[in-house]
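The values are calculated or read from the model by the stated rules, or taken from the named source; none is laboratory data. Because the structure is predicted, anything quoted here is derived from the model rather than measured. Virtual Cβ from ideal backbone geometry, glycine too; neighbours counted across all protein chains shown.
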Amino acid sequence: MFTPKYPPQDTAPAPAPVVYVPTAGAPVPAPQALAPLAPVSNRPTVQLTPGSALALAAGGGAVVLVVGAVLVSLLLAVAITGMSVAVVAVVLRSLLKDLNNQR
């Protein structure tokens, strides 16, 4: 279950080495290093049709709207809580002031 599963190895043959055959009178060019070839992927490419692109854009827009609504509601909850704490503090201060004046 926890053992990794590796994809099968590529079965493409290795590129053949380049052999230079010098001629009698021509100067011998220096051998050049070959650039390594990029491996060919066996995965299918993702092709977006106009309908799927539109659905993807609509889904992204819906996610943005939902996240925005959640963040606004959280901000509103924090603001309401702050206001209620401020009102309670004013009422308690008033009660304590009246209590101290009656002594």
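Here are a few things to note about the model shown:
- Verdict on VAL40 being β-branched (Val, Ile, Thr) and modelled with pLDDT under 75: yes
- Only listed residue being surrounded by 10 or more Cβ atoms within 10 Å (Cβ to Cβ), assigned to a helix (DSSP H, G or I), touching a Leu at 6+ places or on another chain (Cβ under 9 Å) and not charged (D, E, K, R), chosen from LEU56, LEU65, LEU48, LEU71: LEU56
- Some residue of segment 47-55 being modelled with pLDDT of 95 or more, under 20 Å from the mean Cα position of the chain (by Cα) and of a type in the set (Gly, Ala, Ser): no
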